[in-house]
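Comments concern the structure below.
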Amino acid sequence: MTQRPAPRPAPRPAPGKTPPAALRSNAGQPANKPCATCQKQQPRKVPPCDFDKLEFSCSHCGKPGKREIVSLAFWLDQGRGMIMTNRVNSPNPRQPKVTDRFEVIDPDTITVKASGGPGYSPGHPTLTVVPPASLGTTRVLRGPSHQVAVKYEPNWFQTRLNKVNQLGFFVGLRQFFFPPAAVWQFAFAACGARPAPQRKAFYGWKHKVAVYPPDIFKIGLSLPSVRKKERANSSGTEGKVRYDNSSVTDTRGMARTSHSVKEEMRTSSNTELYRRTESVGNSRGTVTQTQQLGTIRGRDYSSDRYEGSDAPDSRKLATAKSFTFTRNGKDWTSSFKAAEFIEFVFTIRKQVLGLIEFFKALGRKMPKIGWSFSVEVDVCAGSLEYEWGYKEWPKNHTVYRYYKLEVSLTVVSAKAEIAFGLELLSAKAQVYGAVTGELKITGTREANPDRTGPAATISVPPTVGGEIGVRGALGDWVEVVGKINAGFEGAAVIELAPFSLKANLDLSEGKGTFTAKSKLLFSVTKSATLWDKRPIWAKTIL
Amino acid sequence: MTTVDYLNVSIHGYACELFVNGAPILRTPVDTPYTAIPSVGEWLVSGDNEIAVRIDAIAPPTAIVDPLSPRRLIVQRCVGPLGEVVPAGEDQVVDGLTFAPLPDDPPPTLPHRVAYNFRLPPGPTWAWQTAAVLSLDMATTAELFMFLDALHADLVEGDIPGLLSRQKIKFAELAPLYGTTPEAARAALEQQFSELAKDGAWTVAPLRHEEVRLHLCCGGRVIEPRSARDDGPVFRGLAADGNAWSLPVFISRIDGMFEVVR
């Protein structure tokens, strides 16, 4: 808020442009002497009333460990005809300019002090303090120096907390991310009258004082890897072999149990094979039993095997799910319906698991080859702690958005194993392979207005892996020219002040260039799209 | 049920060329995974056989190891039903080779050759096995280019009977191997040509002698002409429906005359 100095008020002009000519008074007043009537019409002399310097300071200014500045000062430079300031700008090259308004944390006392100048008229200067409507009424203070207590809305937290259930989890939580300041208007004024030859006057100065809430909040998310579910079924023929496969896997992290059954049946003129694999797991470990009954070309292939494995990763099967919300160290979690958030996460998981339907539809196009799919999903597993609030910046008169983020969160992790048939270059072929995509955010970030300024964003691209291959019918063969472009794409973006976590994940288009290499005919090369891009989800999680 | 011998090739991180008894089957890129199941029965012979891989380049180690797309060099000789899609992982493997150096092993001197031998029972003797051993002298090269020019002219003119007349041995030997007859295969080729060339879409890339590299293989009994630009077939062009066509050829001198044998 830069204000120009006011020009010194000119003497009030007398009525008429030129004084009337001297008249000889009938009353005998001597000629060339001012008459009493005219004298009364001369402007009244304005006494000097102005100041040279105006300083704003808070109770922390000049105190070690608090604010390094003694005050934020503005003064009149008569030589330049300008109002000067000692405002300390930011060392952050991206945002060097800082606001003029004085920013403090509730509660505080602002000292406004005028100094220098030719003196004041009686009752001058004045300081008009206009608080936000909810915090009081306008006051006019007289004199060159004042101390004004400023504050934020005292019940702001409770007021907003009461609305949490009404607004829902996410909107309710966002209310506490850096609420706007309470802005107090300070208007300091004098007459601006200065003795000649001073041309410029300070006259008056309007300044805003922004008061921020003192609260430091913290949210914590500790979400276990909750649930993985996969189903795959396929039946059809491969040449003279008839087959029927099915599998169901259900892992429940909360209950720390897992159960899967896989059955395979293959029959042809000389082969009969039935294989059943059942796996049962709990917190102590997993036992897998594989039973096989069958003959291939008259040879017996029956077997019954057991395999044991250690307990699944305890971190993944952690039973505790938690969302915590604290204000100045006090726990207010119970005020939030965290179940809404958990449901939200489950909904996302369901959406990602919808991939299997997508692949099933592809697989149905070539039922003779059959298909098998498996999709593993983990969404929002891990931990996140985000602390935030306003803090005074020690180097100047501003307040910055303090935050501290500690995160090790798998926003989404998906793995799709696929195998399905399709027509490729007028020949039947099988697309097979596995693709993985993981959006994981790990690290610690803390606001540092000295270095990087308040702007902070963490953007994480997905870690992708896997590969997709194609095989044609035996005889002629299919060669992939280059690589099949298939996999996951997306990004997770965390905005830190205020906090928001957005993520999107798509199954990218499955596309490649293929050559059907013929033994007897022309080989043909063509680009083909195996499947179109499929958006899986795009959400603002918080 | 007719079965075919094929290779289940799965290579990632190695630029290599795969040979069966000296015949080049396929080449792999260094930077992308490669999987294919080429059938190779026409290159297998009675008695001793060799499958070899020449490694020309090795991808540098990556910081992130992808367990679903690991570095590997696996070639498996398999047998399967002709015309059927054998699902991945269900190949009937006969034998094969794997190149898997330990992390501490010194890197091999490139090109590095990995091979294994196996014996097969008596079977047909292919024409290329008894073809003349060639050397790429000026006279032979000039004669070869004349043969290639003739093939190219057949393709440019769309003269499929002319083209077939130079591939008699190939059709005679391969058709039974792949469950058909030479006549049916010829008819299929003519049908395919009419589809590729519909609406006048058939074009043939020019054959520039300076851009042709002649590769001697199978102990000098077979020549594979390749494009110097990309190691691809020299006979290629564009066809209908946005397709690109190509005709890889392997040539031998049979009874004093050049013939397309594969």
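Checking each residue in the stretch A:487-534 for being touching a residue at least 24 places away in the same chain (Cβ under 8 Å) and of a type in the set (D, E, K, R) picks out A:Glu489, A:Glu495, A:Lys502, A:Asp506, A:Glu509, A:Lys511, A:Lys517, A:Lys519, A:Lys526, A:Lys533, A:Arg534. When A:Gly490 is tested against (1) away from chain B (no Cβ under 14 Å); (2) under 23 Å from A:Glu385 (Cα atoms); (3) part of a strand (DSSP E or B); (4) of a type outside the set (Ser, Thr, Tyr), only condition (2) is not met.
Which condition number does B:Met146 fail, the rest of (1) open to solvent by less than 30 Å² (accessible area, probe 1.4 Å); (2) more than 13 Å from chain A (Cβ to nearest Cβ); (3) without any contact (Cβ under 8 Å) to a residue 60 or more places away in the chain being met? (1) is the only condition that B:Met146 fails.
All conditions in (1) open to solvent by 30 Å² or more (accessible area, probe 1.4 Å); (2) at the interface with another protein chain (Cβ under 8 Å from one of its Cβ atoms) hold for A:Gly465, with the sole exception of (1).
Scanning the stretch B:72-88 for residues that are closer than 21 Å to B:Leu44 by Cα, more than 7 Å from chain A (Cβ to nearest Cβ) and open to solvent by less than 20 Å² (accessible area, probe 1.4 Å) gives B:Val75, B:Arg77, B:Cys78. Evaluating B:Phe235 against the criteria (1) in contact with a helix residue (DSSP H, G or I) (Cβ under 7 Å, 6 or more places away or on another chain); (2) modelled with pLDDT under 95 leaves one unmet condition, (2).
Say we look at the stretch B:155-189 and pick out the residues that are among the acidic types (Asp, Glu), more than 22 Å from the chain's Cα centre (by Cα) and assigned to a helix (DSSP H, G or I); which of these is nearest to the other protein chains (Cβ to nearest Cβ)? Let's see the steps before the verdict.
Step one: list which residues in the stretch B:155-189 are among the acidic types (Asp, Glu), which gives B:157, B:159, B:173, B:183.
Checking which are more than 22 Å from the chain's Cα centre (by Cα) leaves us with B:157, B:159, B:183.
Subset that is assigned to a helix (DSSP H, G or I): B:157, B:183.
Values: B:Glu157: 15, B:Glu183: 12 Å.
In this case the residue turns out to be B:Glu183.
Taken as a whole, the condition of being of a type in the set (Asp, Glu), in the same structural domain as B:Asp56 (by TED's automatic domain parsing) and open to solvent by less than 50 Å² (accessible area, probe 1.4 Å) applies to B:Asp91.
For the stretch A:489-505, filtering for residues that are open to solvent by less than 20 Å² (accessible area, probe 1.4 Å) and either over 30 Å from A:Pro180 (Cβ atoms) or at pLDDT 90 or above (or both) leaves 1. Return the residues of the stretch A:88-98 that are open to solvent by 60 Å² or more (accessible area, probe 1.4 Å) and in contact with a strand residue (DSSP E or B) (Cβ under 7 Å, 6 or more places away or on another chain); say none if nothing qualifies. Matches in the stretch A:88-98: A:Arg94, A:Gln95.
Among A:Trp393, A:Trp388, which is the only one that is modelled with pLDDT of 70 or more and in contact with a Pro (Cβ under 6 Å, 6 or more places away or on another chain)?
Working: A:Trp388 fails: in contact with a Pro (Cβ under 6 Å, 6 or more places away or on another chain).
None of the other options fit; the residue is A:Trp393.
Of the residues making up the stretch A:435-457, at least one is within 14 Å of another protein chain (Cβ to nearest Cβ), hydrophobic (A, V, I, L, M, F, W, C) and buried (at least 18 other Cβ atoms within 10 Å of the Cβ). Among the residues in the stretch A:523-534, are any assigned to a loop (DSSP other than H, G, I, E, B), within 14 Å of another protein chain (Cβ to nearest Cβ), more than 27 Å from the chain's Cα centre (by Cα) and among the hydrophobic types (A, V, I, L, M, F, W, C)? Checking the stretch A:523-534: not a single residue is assigned to a loop (DSSP other than H, G, I, E, B), within 14 Å of another protein chain (Cβ to nearest Cβ), more than 27 Å from the chain's Cα centre (by Cα) and among the hydrophobic types (A, V, I, L, M, F, W, C).
Candidates B:Thr2, B:Thr62: the one that is within 14 Å of another protein chain (Cβ to nearest Cβ) and over 22 Å from A:Gly472 (Cβ atoms) is B:Thr62. Looking for something aliphatic (A, V, I, L, M), within 22 Å of A:Gly469 (Cβ to Cβ), within 14 Å of chain A (Cβ to nearest Cβ) and not in a strand (DSSP E or B) - is there at least one such residue anywhere in the stretch B:16-35? Taking every residue of the stretch B:16-35 in turn, at least one turns out to be aliphatic (A, V, I, L, M), within 22 Å of A:Gly469 (Cβ to Cβ), within 14 Å of chain A (Cβ to nearest Cβ) and not in a strand (DSSP E or B). Among the residues of the stretch B:99-113, none qualifies, meaning not one is part of a loop (DSSP other than H, G, I, E, B), crowded, with 16+ Cβ neighbours inside 10 Å and within 12 Å of chain A (Cβ to nearest Cβ). Just wondering, is there one or more residues in the stretch B:39-57 that are in a strand (DSSP E or B), over 17 Å from B:Glu17 (Cβ atoms), among the acidic types (Asp, Glu) and at pLDDT 95 or above? Scanning the stretch B:39-57, I find at least one residue that is in a strand (DSSP E or B), over 17 Å from B:Glu17 (Cβ atoms), among the acidic types (Asp, Glu) and at pLDDT 95 or above, so the answer is yes.
The values are calculated or read from the model by the stated rules, or taken from the named source; none is laboratory data. Keep in mind that what you see is a predicted model, and the values were worked out from it rather than measured. When we count neighbours, we look across all protein chains shown, and the Cβ atoms used for this are built from the backbone with ideal geometry, even at glycine. Areas reflect the complete protein model, heavy atoms only, side chains present, ligands, DNA and RNA absent. Shrake-Rupley method; radii C 1.70, N 1.55, O 1.52, S 1.80 Å.
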